[in-house]
Amino acid sequence: MSPPNKDLVNLETNVMENISVLPKPYQKPCPPIHQVVDGIRSIEWAAQQGLNIIMWIPTVKALKIKFEAFRNAKSEAEKRNVPMGEGISLVRDMFVADTMEEAKEKAGEHMVNYMRWVCHWRGLGNHMDPGEELPVTKGKLDLLSYDFLHKRNMLFGTPEYVIDKIKELKSELNLQNLQVWSNFPGVKHEDCMKSIKLFTEKVMPHFKEDIDTEVKKVS
């Protein structure tokens with residue numbers, strides 16, 4: 001801070017202890033705030049502060065541990081039995097095509113290139129199952145490939161495949177909020193639009209009863 005402000009920062013530890021949102025939101029009470037989290041400490045902290053959370057990359061097995069940590073911390077903080085999945089949004093990379101091969105051909109390489117940039121900083125740890133050990137390689141991203149990623153966390157494939165993967169998320173995690181990342185650098189615009197169209201017309205109707213929205217179709 002310049003200059004240091006004791007009302008915001010502990011001047012002995014240099015830890016920021018007070019922060020506010022400016023400008024203040026018009027909506028009252030304040031709209032639900034979502035915090036992007038990864039580690040258990042940040043997950044539990046968000047639950048204790050009454051924040052919702054967003055997660056992205058981990059496998060289903062790894063997510064189960066994180067979902068349970070949030071549920072337990074939120075239950076303790078709010079003195080109630082919080083259902084699994086409440087307050088959590090999960091982001092998944094999505095590309096829907098007529099065949100599995102087409103999904104890989106049109107978006108697979110672009111997805112891997114994009115993930116190389118992400119994993120350059122993160123490594124591959126976030127993609128691993130609990131207790132999993134990867135083969136030792138010379139470079140930290142030598143194992144990164146479409147096949148490595150696809151089985152772990154991608155919604156890439158036919159509508160039927162994507163439907164099954166979403167059903168798995170609901171069954172294993174009681175997932176209530178799914179956000180899809182639907183465009184990747186290098187993917188052709190028309191391919192991206194076709195993917196989104198297939199998702200909305202072939203996938204979403206299978207979860208119609210789960211959608212709670214006031215958004216109206218205007219055209």
With Cα coordinates, the longest principal axis of the chain makes an angle with the long axis of helix 189-198, in degrees rounded to 10, of 90 degrees
Measuring from the longest principal axis of the C-alpha atoms of the chain, the long axis of helix 159-173 (C-alpha) lies at a number of degrees, nearest 10, equal to 30 degrees
Rounded to whole angstrom, the alpha-carbon centroid of the stretch 108-156 lies from that of the stretch 20-68 at a distance of 24 Å
Options (i) 16.7, 52; (ii) 16.1, 44; (iii) 20.0, 59 for Rg and Dmax of the Cα atoms in Å; the value derived from the coordinates is listed as (iii)
If the chain between LYS79 and ASP142 were fully extended at 0.36 nm per residue, the gain over the current Cα-Cα distance would be 18.0 nm
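Defining a contact as two alpha carbons under 8 Å apart and six or more residues distant in sequence, what relative contact order in percent does the stretch 39-115 show?
Working: 59 pairs, mean separation 24.2, N = 77.
About 31 percent, as a whole number.
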Going from the fewest other Cβ atoms within 10 Å to the most, one would list ARG41, ARG71 as ARG41, ARG71
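Charges only on Cβ, +1 for Lys and Arg, -1 for Asp and Glu: so what's the dipole of the chain about the Cα centre, in debye to the nearest 20?
Working: 30 positive and 31 negative charges, 81 e Å.
It works out to roughly 380 debye.
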Of the candidates LEU198, LEU90, TRP121, the farthest towards the positive dipole end of the stretch 32-210 (Lys/Arg Cβ +1, Asp/Glu Cβ -1, centred on the Cα centre) is TRP121
Among ASN177, LEU141, ALA107, the residue whose Cα sits farthest towards the positive end of the charge dipole of the stretch 104-219, when +1 is placed on the Cβ of each Lys and Arg and -1 on the Cβ of each Asp and Glu, is ALA107
What helix-only [θ] at 222 nm does the chain give? Using -39500 (n - 2.57) per DSSP H run of at least 4, over all residues, to the nearest 500, the answer is -11000 deg cm²/dmol
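Over 23 Å between Cα atoms: which of LYS167/LYS197; LYS104/LYS208; LYS188/LYS208; LYS79/LYS167 fall into that group?
Values: LYS167/LYS197 20 Å; LYS104/LYS208 27 Å; LYS188/LYS208 29 Å; LYS79/LYS167 30 Å.
Pairs exceeding the cut-off: LYS104/LYS208; LYS188/LYS208; LYS79/LYS167.
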Packing-ranked peptide list from 128-136, 75-83, 46-54, 171-179, highest mean Cβ count within 10 angstrom first, is 46-54, 171-179, 75-83, 128-136
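Report relative contact order for the chain in percent, whole number only (criteria: Cα-Cα under 8 Å, sequence separation at least 6). Kindly include the intermediate steps, with their values, before the conclusion.
Working: 264 pairs, mean separation 49.4, N = 219.
Normalised by residue count, the contact order of the chain is 23 percent.
Values in this text are rule-based calculations from the coordinates and carry no lab data. Note that the structure is a prediction, hence the values are computed from the model and not measured. Backbone-built Cβ (ideal geometry, glycine too); neighbour counts: all protein chains shown.
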